Amino acid sequence: MAKAITSRAEDYSQWYNDIVKKASLAEHSAVRGCMVIKPHGYGIWEMMKAQLDSMFKETGHVNAAFPLLIPKSFLSKEADHVEGFAKECAVVTHHRLMKDPDGKGVVVDPKAKLEEELIIRPTSETIIWNTYRDWIKSYRDLPLLINQWANVMRWEMRTRLFLRTSEFFWQEGHTAHSTAKEAIEETLLILDIYAKFAEEYMAMPVMKGVKTANERFAGAEDTYTIEGLMQDGKALQAGTSHFLGQNFAKAFNVKFSNADNKEEYVWATSWGVSTRLIGGMIMTHSDDDGLIIPPKLAPNPVVIIPIPKPNDQIDVVAQELIAKLKSLGIRAQYDRDPKKRPGFKFAEHELRGIPVRVGIGMRDLDKGQIEIARRDTKEKSYIPVGGAPQYIQELLDAIQSNLFEKAKKYRDEHITSADDFTTFKEVLESNGGFVSAHWDGTTETEKKIKELTKASIRCIPLNNPQEEGQCVLTGNPSKERVLFAKAY
RNA sequence: CGGGGCGUGGCGCAGUCCGGUUAGCGCACCUGCUUUGGGAGCAGGGGGCCGCAGGUUCGAAUCCUGCCGCCCCGACCA
């Protein structure tokens, strides 16, 4: 067991780090806070990208690309936005290096100081709205539905691979609309896409809701969120969709003429999900033996292993199986390497989270069967060669739904109501997860609760039942419950 | 920015307190033989500015000074 990983019970965050490292998903780079995403990890991101991108396209969005660098002055145009991001921006001040006059290497050339400093984008609202000003003149130019796949940089104090790094990869949608109603509809449409993606593709159940003023995106009127629950009982904000009102339109003076030839400010949204989703996938499904990838996100959901080593007959059976799977739209990989033993390969592919493993050995072939093992439950079955493709197809679906059901069961068992502060604290200590409690609606109380328990309000669920109650901390009147949790 | 820890072949570490001649171990790697249905065994082999820069000393991975970097825990955040 050369690559054994720390168990979840022993040290959850070490378990996470071990999985990222030993499943070859990513590693720390030479640059502080920035990661190298390795092929296996990037392959999963590509699967996520492809699916999300097609969902965006189906709903009328198109992709474009905006610059990495943003003039410093742009950032200061929307007051809340500056406040939110100023503390974590990397700034470009010079445009040239020179040989160090006192020795080896290079130094910044003091003569190459930029007249206006540039910010490496922490998000792109400002540069995009500055551009939209020129693109939008009439209601006929609306709606404008644009997305970009990009990297952004936020200078983080503490980083964790995928969950929080200084540079991360994401998509950011930026749309412009002629009415508030339409912009809000867009915000909710995207939230639904995110939730559908999370649940149907990542097999990660999520709560849809709206953020409190305190947790809102800097510059937004409303921030909608999907919140997942990880196996250690902490919540993960997995995606956000913002209704920006006219804040950016006013800051960047983006107006359009309506049908009555009257000028109005444009209504806006922005929305994003990032490589953080990979962290969410890991912490939702994986076990003490390593990563578990939901079949729909696996670059290669099936791996075929010759037992004990390849020969002509096994090669033929493997290639035929690959061809038949391909015709069913299932990608499979044949790990033929004769120098590695099957036991090693079994362990390796389990660690890397491949959903289905097929073992082909002469002993089974003589009986006309092959061995098929599923990663999620570790169960093995012996299936006639001819029936294997269909069996695998059904098995992948079964794994996908089993992962979702298992995660949903866990999540549902970790939503607890609390009506007094003692219970509230006890639930957080013992069971973890979401605590559904009344809150008096003030930021002050929200902050106080966070200070006392480390739990924040993750969201006010959509379609939340209205009920009279008393705030769990202050006893002040409240009309609905909100979801608290400790969060990543 | 506070508190803690760590920088030694690709990876993980020992050695550092108490300086000593050739810097060691496991994994990985290379060669050969034997193996082969759940991380193979044996034999041989290659690979090191001991984080960087100064200093003390006959002699420094080890002691002293300064610097740099990374990880973990907190405050901030997707």
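The values are calculated or read from the model by the stated rules, or taken from the named source; none is laboratory data. Because the structure is predicted, anything quoted here is derived from the model rather than measured. Counting neighbours? That spans all protein chains shown, and the Cβs are built from the backbone with ideal geometry, glycine included. Accessible surface is based on the protein model in full, side chains and every heavy atom, while ligands, DNA and RNA are left aside. Shrake-Rupley method; radii C 1.70, N 1.55, O 1.52, S 1.80 Å.
Sites listed here are chymotrypsin sites (Phe, Trp or Tyr not before Pro) in the stretch A:258-308 whose DSSP assignment is loop and whose Cβ has at most 16 other Cβ atoms within 10 Å, and the list is empty.
Excluding ligands, DNA and RNA, the accessible surface per residue across the stretch A:415-485 is 52 Å² with a 1.4 Å probe. Among residues other than A:Pro461 with Cβ under 12 Å from its Cβ, the summed charge is +2 (Lys and Arg +1, Asp and Glu -1). For the stretch A:1-157, just say rounded, prolate or oblate: build the C-alpha gyration tensor, square-root its eigenvalues into a ≥ b ≥ c, call rounded for a/c under 1.5, and beyond that prolate if a/b exceeds b/c, oblate if not. Oblate shape, in that a/c is at least 1.5 and b/c is the bigger or equal ratio. Of all DSSP bridge pairs formed entirely within the stretch A:348-488, close to 85 percent run antiparallel. Shown for the stretch A:415-485: the carbon plus sulfur share of the solvent-accessible area, taken with all protein chains present and a 1.4 angstrom probe, equals 46%.
Can you bin the stretch A:363-488 into rounded, prolate or oblate? Criterion: square roots of the alpha carbon gyration tensor eigenvalues sorted a ≥ b ≥ c, rounded for a/c under 1.5, prolate for a/b above b/c, oblate for the rest. Prolate is the answer for the stretch A:363-488, as a/c is 1.5 or above and a/b outweighs b/c. Over what distance in Å are the Cα centres of the stretch A:434-488 and the stretch A:156-224 separated? Here the two parts' Cα centres lie 21 Å apart. Summarising the amide proton neighbourhood of A:Leu114: residues at separation of 5 or more, or on other chains, whose placed amide H is nearer than 5 Å comprise A:His94, A:His95.
Classify chain A from the C-alpha gyration tensor, please: rounded if a/c falls under 1.5, else prolate or oblate depending on whether a/b exceeds b/c. Prolate, because a/c is 1.5 or more and a/b exceeds b/c.
Looking at the stretch A:374-449, the GluC sites (Glu not before Pro) that sit in a DSSP loop and have at most 16 other Cβ atoms within 10 Å of their own Cβ are A:Glu379. Report summary: the helix-based calculation at 222 nm, which adds -39500 (n - 2.57) for every DSSP H run with n ≥ 4 and divides by the residues of chain A, gives -10000 deg cm²/dmol.
A protection proxy built from the mean count of other Cβ atoms within 10 Å ranks the segments A:89-95, A:457-463, most packed first, as A:457-463, A:89-95. Net charge in the neighbourhood of A:Leu161 (other residues with Cβ under 15 Å of its Cβ; Lys, Arg +1, Asp, Glu -1) is +4. Sorting A:291-300, A:133-142 by average packing, meaning the other beta carbons within 10 Å per residue, from highest down gives A:291-300, A:133-142.
Computed about its Cα centre, the charge dipole of the stretch A:334-444 is approximately 1120 debye, with only Lys, Arg, Asp and Glu carrying charge at their Cβ. In this structure, the amide hydrogen of A:Gly361, modeled 1.01 Å from its nitrogen in the peptide plane, lies closer than 5 angstrom to those of A:Ile307, A:Glu371, counting only residues at least 5 positions away or on a different chain. Qualifying trypsin sites (Lys or Arg not before Pro) in the stretch A:34-98, where qualification requires a DSSP coil assignment and no more than 12 other C-beta atoms within 10 Å, comprise A:Arg96. Give the carbon-plus-sulfur fraction of the accessible surface of the stretch A:295-387 in %, rounded to a whole number; probe 1.4 Å, heavy atoms of protein chains only. Carbon and sulfur together cover 52 percent of it. By accessible area, using a 1.4 Å probe on protein heavy atoms only, the stretch A:109-181 has 54% of its surface on carbon and sulfur. Computed 3J(HN,Hα) for the stretch A:469-477, one whole-Hz value per residue from the Karplus formula 6.51 cos²θ - 1.76 cosθ + 1.60 where θ = phi - 60°, is x, 10, 3, 5, 9, 9, x, 5, x, glycine and proline marked x. With a cut-off of 16 Å on the backbone N, no residue of the stretch A:245-284 is near the modelled label site 7 Å out from A:Glu117 along Cα-Cβ. A 1.4 Å probe run over the stretch A:56-123, with the rest of the protein chains in place, finds 65 Å² accessible per residue. For a quick check: with amide H placed at 1.01 Å from N, whose amide H comes under 5 Å from A:Cys471's, ignoring anything fewer than 5 positions away on the same chain? HN-HN under 5 Å from A:Cys471: A:Asn476, A:Ser478.
Rolling a 1.4 Å probe over the protein chains gives A:His40 an accessible area of about 20 Å².
Annotation: per residue accessible area for the stretch A:295-387 equals 50 Å², rounded to a whole number [probe 1.4 Å, protein chains only].
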